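The block underneath contains the structure these notes are about, expressed in structure tokens.
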Amino acid sequence: MLIKNHQLFSKNTPKYKTNSYKLNYINKPNVIRLDLHQNKMGEAYHIKDPFATYFLTFQVVKWIDVFTRKTYRDIVVQSFNYCIKEKGLVVYAWIIMSNHVHCIVNSTPGVLADTVRDLKTFTAKQIIKSIQENGESRKEWMLIQFKQSGLEKSQQFQLWTHENHAIEINPYQPKFMQSKINYIHNNPVRAGIVTKPEEYIYSSANQYYTGKASLIPVEVIVLS
């Protein structure tokens, strides 16, 4: 299957000399190769260009270790998969750690900020509901923490911080893209959870290293 209409390149990406990059489509499912020269890129911490690709971090308030429970991790996985299918979200790399999520994403219809907002709102409500109803041993303490955070923002509960720590990925900086993919996949290795990135199933590392689809399927980026 030949991949078409790939949106790694934003419509608003600054123009460079035509020989400054080469984009090769490999005749393999979900694999794209970028042969690029490095150029200067600015960074922004908000989603400003709805068609651009971003490295995002979703952080649980007070760094509470919510995702030590499989149930809560699966809520995030299901929500990402829904957004891929129904909202045109494209995911290039991802990981769910104990208290935060990293991902590299963009939006085919150009509504990335809206999609991220909806994803975080839905997952927060579902996780809070699960904590309340499913015998969570830390229930009382966790709900107090989420309620205190919510009061600061006039909400009943707040699970995620409001920041997305958005960093735009410029296609003319392949080394930066590669560093972010490596950073994402090596999180559980640095934390001492696994010895190899592909051993951690709640990330895209397995798809990058073995070719088998991860729990959240990604468009694999091969940089050279």
Which links in LYS48/LYS139; LYS62/LYS87; LYS139/LYS180; LYS70/LYS120; LYS139/LYS196 stretch past 28 Å when you go from one Cα to the other?
LYS48/LYS139; LYS62/LYS87; LYS139/LYS180; LYS139/LYS196
For the stretch 41-172, the dipole about the Cα centre with charges only on Cβ (Lys and Arg +1, Asp and Glu -1), to the nearest 20 debye, works out at 380
So, R0 is 41 Å and r is the distance between the beta-carbons of GLN178 and GLN155; what FRET efficiency does that work out to, to 0.05?
0.60
With 0.36 nm assigned to each residue of separation and the Cα-Cα distance removed, GLN78 to VAL222 gains 49.3 nm
Spin-label zone in the stretch 173-190 - amide nitrogen under 15 Å from a point set 7 Å from the Cα of THR68 along the C-beta vector
none
Taking θ as phi - 60°, what are the ³J(HN,Hα) couplings along the stretch 88-93 by the Karplus curve (6.51, -1.76, 1.60), each to the nearest whole Hz, with x for Gly and Pro?
x, 6, 10, 10, 9, 6
Using Cα-Cα distances under 8 Å and only pairs 6 or more residues apart, what relative contact order does the stretch 41-172 have, in percent?
42
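Taken together, the values in this text are just the output of simple stated rules run on the coordinates, not laboratory data. Everything quoted here is computed from the prediction, not taken from an experiment. Don't worry about glycine lacking a Cβ; one is built from the backbone with ideal geometry, like all the others, and counts go over all protein chains shown.
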